Amino acid sequence: MAKNWALVIGINGYNPLNFAPLKYAKRDAETVKAFFEDAKFDEICCFTDDSPPLVMPNGAVIPTLPTYGNLITFLQDRFDKPFLSTGDNCWFFFAGHGERHADKDYLMPMDANARGNKVIAGLLVDEVRQWLTRSGADNVILLLDACRSEGSRGARGIDPTEQQGVITISSCNPTQKSWEVEELQQGVFTYALLESMQLTGERSCATVERLGNYLKQRVPELCQRYGKAPAQVPRISVDPIEKQHFILIPQCARQADIDLMKYEGYRLMAEDKLQLAEQMFLRVNVAARGLDPQALDALMRTRIRMQETPIVSTPSSTETTTGRSGTETAATFSIADVAEETFTDSSKSSVGAGLDDNLSSSTKSTAKPTPTPPSASNPLAESEDDIPLESERGIDYRELQGLLKAGNWKEADQETSKQMLKAIGQDAWWKVKRDDLSNFPCKDLKTIDRLWMTHSNARFGFSVQKKNYLECGGILDGQYRREAFEKFGDRVRWRKGGNWVWVVSVVYNTSLPRGHLPIFGVGVGLGGGVWGFLFSRIKACKL
């Protein structure tokens, strides 16, 4: 089970010669700590004006008065070596004064001072981030309710855009103030944050994206209601961008949130972004309480591919600080490890299904994959809201969703053809023009791709086909490149013996190569021109 660790800081008692004392920052920290406790966080370390001392794992006792010296000592001792791992979350909440000086962001401990462009005893946000990433967690979340100085010292809010590799949610824009409200006895941002984290059902803010959207709307509303002007607007920075679909609060997640994150995992697998795909599937399994065999299977397949392929990365500032090398290889693991990590026994029998056909011969000899299509008996959600069925043309994709869920690949392929024609306002593929495909509605393209990718365990879909085409030498410039498309046809078995197969000869099952479907007769009937245009549109729509 994924672990959650948190450092919570709230400061009221600033020296009035340096910063205006605050009324509710300490209470903000205490209420956030209480929420984390209710959410069963594994460890919460709290620094406020009167919080009790902390006893470290090494037995050291650290006072928690939030001065610069106490905080630095804590960071040095607690982050001396990693104590979290892949799939875990490291949270940081700060309520107090924050400023931006000389293009650097600072959080102000109780004894901090800022005169002109000189900052004394301020915590650099970038250094805090580097400390937190030493924890070993692959997900760091910064929640910064800072810049509360009433503007008397020209304070500027924290700018989250430079915080690489973390999720940063700041209470306001760099030129704004972060308000406290007497009626709420809290900061506006923290009040809205706690409110959002407790919403359930359709209003749930379990994912980063939904949480950010809620805060951007709710915080200005509260400012207007309580006469705080100018309003503050929170800022959200997500790096990498795929983390916007991360589920931060599993107990509040909807099935649609889980399926969207699973789709993102499949897409990342198709793009060979294996470390990030692993993070996605780990969090899917946590949110699904280990009861999603597709996600368990995908996690195992991702780790097998990581084990076979060295992961070469350019060290970031964080990696340089933590001493990581630029080349990493995944550690050996077993199927039992995957099931145990997701705290379930009921799904172990289906972990081995649907292995990637690109595994090495030695791996295949031991794993013996047996590809099986998802069926209606799969323990997936049966509601119509499994995947966001978005359409710019008002198209109903529930029929396609049902066919794919049941593994009816041929009928799903025909339904895909029908709905794609409807999306571009045509009734036959021979009538389709280049402009029709160049302007194919992105929402519809993404919905169709999500459905195919999710219900085929990432074997089928436009994302997989685009990757195959590029690997065959294709270029996404809207042109038909015969040699590349013929290689692509050979790879996905649309060609046999150097000839394109007839539509009636197309085989529909999951034993065929990745990217074989959807085909809807276009690849074999109209040649590569249509696909050349379509792949270019897929690129433009950022699939």
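No lab work stands behind these numbers, since they all come straight from the coordinates. Since we're looking at a predicted model, the values are computed, not measured. So basically every Cβ, Gly included, is an ideal-geometry build from the backbone, and we count neighbours across all protein chains shown.
At-a-glance table
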quantity	calculated
Contour minus Cα-Cα distance for Gln414 and Tyr68 (0.36 nm per residue)	118.1 nm
Residues whose placed amide H lies under 5 Å from that of Asp111, excluding near-sequence neighbours	Tyr68
Approximate shape of segment 396-462 as ellipsoid semi-axes (Cα gyration tensor, √5λ), whole Å, largest first	21, 13, 10
Val233-Val507 pseudo-label distance in nm [points 7 Å out on the Cα-to-Cβ vector]	5.5
Segment 214-226 - phi-based ³J(HN,Hα) in whole Hz, Karplus 6.51/-1.76/1.60, Gly and Pro as x	5, 5, 5, 8, 6, 4, x, 4, 5, 4, 5, 4, 9
For segment 1-142, the Rg and Dmax computed from alpha carbons only, in angstrom	14.9, 48
Separation of the Gln224 and Gln198 label points, Cα + 7 Å toward Cβ, nm	2.4
Two-site FRET efficiency, Asp80 against Arg482, from Cβ-Cβ distance with R₀ of 45 Å, rounded to 0.05	0.15
Given charges at beta-carbon only (K, R positive; D, E negative), |dipole| of segment 398-540 in Debye	240
Segment 23-66 - Kirkwood radius from inverse mean 1/r over Cα pairs (Å)	11.3
Amide proton proximity set for Gln186, modelled H, under 5 Å, gap of 5+	Val181
Potential lengthening between Leu291 and Gln251 on full extension [0.36 nm per residue; Cα-Cα distance subtracted]	13.0 nm
Percent RCO, i.e. relative contact order, over segment 154-286, from Cα pairs under 8 Å lying at least 6 residues apart	26
Lys/Arg +1, Asp/Glu -1 at C-beta; segment 1-143 dipole; positive extreme among Ala6, Gly87, Phe47	Phe47
Protection proxy ranking of 40-53, 19-32 - average other beta-carbon atoms within 10 Å, highest first	19-32, 40-53
Viscosity 0.890 mPa s, temperature 25 °C, Stokes-Einstein D of segment 398-540 from Kirkwood C-alpha radius, µm²/s	164
5 angstrom amide H check on Leu7, placed H, neighbours 5+ away	Cys45, Trp91, Phe92, Phe93
Estimated inter-spin distance, Lys422 and Ile241, nm [label 7 Å along Cα→Cβ]	2.9
Nearest-0.05 FRET efficiency for Val61 and Lys539, computed from C-beta distance (R0 60 Å)	0.55
